Each structure stands twice: as structure tokens, then as C-alpha cells.
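The next block holds one structure in the form of C-alpha cells; read it before the comments.
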Amino acid sequence: MSTLRGKRVLLGVAGGIAAYKIPFLVRQLRKAEAEVRVILSQSAKDFITPLVLATLSEKPVEMDLVIKNSGKLSWNNHVSIAEWADVILIAPATSNTIGKYVNGICDNLLLATLLSSKTKVFWAPAMDLDMFKNQANQSNLNLLKKWGHTVLPSPFGDLASGLVGHGRMAEPDKMCFAIRSYLLKDEFWYGKKVILTSGPTRESIDPVRFLSNGSSGKTGVALLTALAERGAIVTWVHGPSHYHLSDMENVLYKPILTALEMRDAVMKAWSDSDIFIGAAAVSDYRPKYSSKQKIKKSNAGLDSIKYELNPDILSEVGDKKMKGQYSLGFALETDNGEEEALRKLNSKKADAIVLNYANKKGVGINSEMNAVTLVSKDGNETLSLQSKEVMAVNLLNWIKKHSKI
Ligand code: CTP
């Protein structure tokens, strides 16, 4: 995961039941090394204690416009809190706080800070069904959008009243993703059209068996996350995997099973794309015929399966590559890695190959970590042992530096 080190996030928590989820958001942001400050409205204290948020954010929680300390009064400088933030998120954003803000009412520290701020503001509304639908709230939310604020979608689901509908607060990982995407937006990647393949393919033998491999798809999801956070528009052609990143606005989801389906989805999108990243472990062969009936062991049918070669997707991408397009593949090797990677670079007309080893302990397929060598016409460069999330970010930075597109 990309670090948010040095980035400052101000969370404004208003008084709604969804405030109980805010500690999870604070933890995620702190884990990414962002600095987090929290302002609570007076009524928010009924739903979440300041001590929980102060402990998790590792900073005192702000609550009052006037600070009383041992009989002395002082003014809490809301202007400097507003200036401190790189981004502000109001969550849960209640009808009361939204309504007061759009009308310029300034009767607590949270509103005073917001009204003094020039920083980007995200709102995560949290209300019950009919309150959320109410004309006053809908027109206030539209006004916020018109003013350049971002209103995060309120997903459909169970509400505290027992009703079911829209009005729930966005989940902490969605809020975290929105903040990360804002802070990590990257000039090079923003708006770039990228095709990413990942995961294994499955080649059917009969209705219950298939030919596949042990690719977990973890690297693919790490790359997808890093691409989406930087603003790329991704066509994600992915084989079956436990790892997923759902409901992303800038991701076109193309789930596939076979190499032929993967090839079709990729080639349909390639002429209109800038970059191809082939992280999938494509099955080289498929059974020539997939039996309609389960092959019985008494028939010894598995012995007689005939195989044929699947298309090489990275090669086809290379063949159709036009000026200004860039393709990068992976190579998973056990022996002669660098020669093999160089051979694949040339034969598949790729711009770079990410070489990793299948027989090194604790790296690559099905592990959390990886160590790779980037093989390209510019020479070889090694990325030492690191998590697949950090590796994904380093790969994107490497493409940005070397691709010249
Ligand atoms: N690849 C592909 N289509 C295939 C096979 C591989 O697009 N049918 C891509 C992979 O996604 C990867 C790169 O080619 O980016 C190298 O994959 P790899 O399995 O290492 O190479 P192969 O060409 O299958 O070579 P070999 O089996 O000889 O190692």
C-alpha cells in the first residue's frame, strides 16, 4: 500500500450512530502513515468517546471553540486547524451539520473550521431513508457538489431505524480509498487507459475438472489498487481469485475463466488503450475437447486428453502495438531467469518483463512478498524483497519513469 506519510487528514465527526465506525477509518489512515486530527461535534460525543479517537489518531481530539483549562479560557484557533489539513472528511455527515454548513451557520468548532477552510472537503452522509431522501437534504447535497465538494455515495442496506434503503454512511474502506485517491492522484497515471490481466485461467476438462495453476491474483489486485488510486482508467481482465477490489468507478470489470476469453477481452480493448500490464498466469495449453459428461475413472478417459496451445496474449498485444502504447509482462521462472526474461521481452515485443522466481522460498506465487528483476532495453534493475502492495507501487513508478509515453 502506498504510504500517506506527510499527508494530513482532518476528520469531522458529527452526531450520528455511524460514528461508531470512525475508529476503523482512523486506524486505516494511521496504518498508511497519514497524520490524522479529529474534530467532534458536541452531539458526536454521545456516539463515540473522544478518548478512543485520541488514542487511535495519537493526537488530542478537538471539540470546543473555547478551551477551558484550570479556570482559564482560551480561543481554539479553528483557522489554523483548517490550514493544517490537506483534505477534510466529514463522516458521518448529518442532516444538521450539512444544513448548517450550506447556510453558513457557525455554532461549533467543526462548522467554524469548515467555513474557514479552502481545502478539499469530502462528505459521507449518514441518515435514515426518508431523511436522506428529503428535498432539503438532497438539495443541500447537490449544492455541496456544485461548490466542488465530493459527496460520497450512501450505499443501500440496513439502517439503524430497521428500514432498508439508501442513507448509510460509506464504509471505512470506501472513505479511505476516496481520501487516498485524492492524495495520491498522479499526473502521469491520471486518465491513462490501462489493461491489466491477473489471476489464473481455467481450461475446462469436463464439467467438474479444469486445468489451472496456483496464481493467487494478489499482485494483480495490488496493481489494480495502485492504478485506481492514481486515477488510471483500468480494464481489469481477471481470472478466478479470492482477491478482489469491487465497485470502483474507474475500473471496467471483465471476469473471465479461459485464456481464449482473456484474449478476446484484452484485444477488444487494446487499440483504445495506452498500457498493457500482463500479470495473469495464463494457461499455455487447453484440452482440445472439453467433455460434456464427467469423465469416469473406469473409462481411463483422463489418459487420452489431447491438448492444444492457447494464444499468447502478451505476444498478440506486442504484434498490434502502435506508437505511444506500452506493454509489460511477467515471467515466472525456475532456471536461467534473466535469459528467459530477455527472450520473452524480445519474442513478445514487450517493453519490459518483470522476472520472478517460482522456486525461491517466501516470494512470488501464493506468498505475501516478492523480489523481482525488471528486464528491459534499458538494462536490468532489481527490486528487493518487499510486500506485493509496495512492489505494485514501485512497478508503477518504474513504468512512469521508463515508458516515455
Ligand atoms: N502470457 C500471455 N499469454 C499466454 C502465456 C503467457 O499473455 N498464453 C503472458 C503472461 O501473462 C506473462 C508473460 O506472458 O506476462 C510470460 O508468461 P510465462 O508463463 O512466464 O511465459 P510463457 O510464454 O508461457 O513461457 P514458458 O512457458 O516457456 O516459460
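Here are the numbers for the structure shown:
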item	result
Segment 328-404, Cα convex hull volume normalised per residue, Å³	79 Å³
Choice from Trp270, Trp123, Trp84 showing the highest fluctuation, given a GNM over the chain with Cα pairs closer than 10 Å	Trp84
Rounded tilt (10° steps) of 218-229 against the dominant C-alpha axis of the chain	50 degrees
Neighbour cut-off at most 13 other Cβ (10 Å), DSSP loop, trypsin sites (Lys or Arg not before Pro), segment 1-99	Arg5
Leu257/Lys294 FRET efficiency (R0 22 Å; Cβ-Cβ; nearest 0.05)	0.75
Percent RCO, i.e. relative contact order, over the chain, from Cα pairs under 8 Å lying at least 6 residues apart	11 percent
Cα-based helix-to-principal-axis angle, 22-31 vs the chain, degrees rounded to 10	60 degrees
Listed residues Gln28, Gln293, Gln42, most fluctuating in the chain (Gaussian network, C-alpha, under 10 Å)	Gln293
Rounded to 10°, Cα long-axis angle of helix 172-184 versus longest principal axis of the chain	80 degrees
Relative contact order (%) - criterion: Cα under 8 Å, at least six apart; region: segment 191-332	30 percent
Reach of Lys145 by Cα under 19 Å, taken over lysines that are not fewer than 8 positions away in the same chain	Lys100, Lys118, Lys120, Lys133, Lys174
Normalised convex hull volume, segment 8-184, alpha-carbon set, Å³ per residue	108 Å³
Rg/Rh for segment 193-402, where both radii come from Cα atoms and Rh is the Kirkwood radius	0.98
Distance between modelled label sites at Asn103 and Asn359, nm, 7 Å Cα→Cβ extension	7.4 nm
Within the accessible area of segment 8-184 (1.4 Å probe), percent carbon and sulfur	55 percent
Kirkwood Rh in Å, taken over all unlike Cα pairs in the chain	24.0 Å
For Glu381, solvent-accessible area (1.4 Å; no DNA, RNA or ligand), Å²	70 Å²
Long pairs among Lys254/Lys400; Lys21/Lys360; Lys344/Lys404; Lys192/Lys388; Lys31/Lys323, criterion Cα-Cα beyond 29 Å	Lys21/Lys360; Lys31/Lys323
Mean accessible surface per residue for segment 193-402, computed with a 1.4 Å probe while every protein chain stays in place, in Å²	50 Å²
Scattering curve values for segment 138-221, log₁₀ I(q)/I(0), Debye with Cα scatterers, q = 0.24 Å⁻¹	-1.20
Segment 118-124 - phi-based ³J(HN,Hα) in whole Hz, Karplus 6.51/-1.76/1.60, Gly and Pro as x	10, 7, 4, 10, 9, 10, 10
Accessible-area ranking of Leu383, Leu25, largest first, probe 1.4 Å	Leu383, Leu25
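The values are calculated or read from the model by the stated rules, or taken from the named source; none is laboratory data. Computed from a prediction, not measured in an experiment: that's the story for all the values here. Note that each Cβ is placed from the backbone with ideal geometry, even for glycine, and that neighbours are counted across all protein chains shown. The area values use the complete protein model at the heavy-atom level, side chains included, leaving out ligands, DNA and RNA. Shrake-Rupley method; radii C 1.70, N 1.55, O 1.52, S 1.80 Å.
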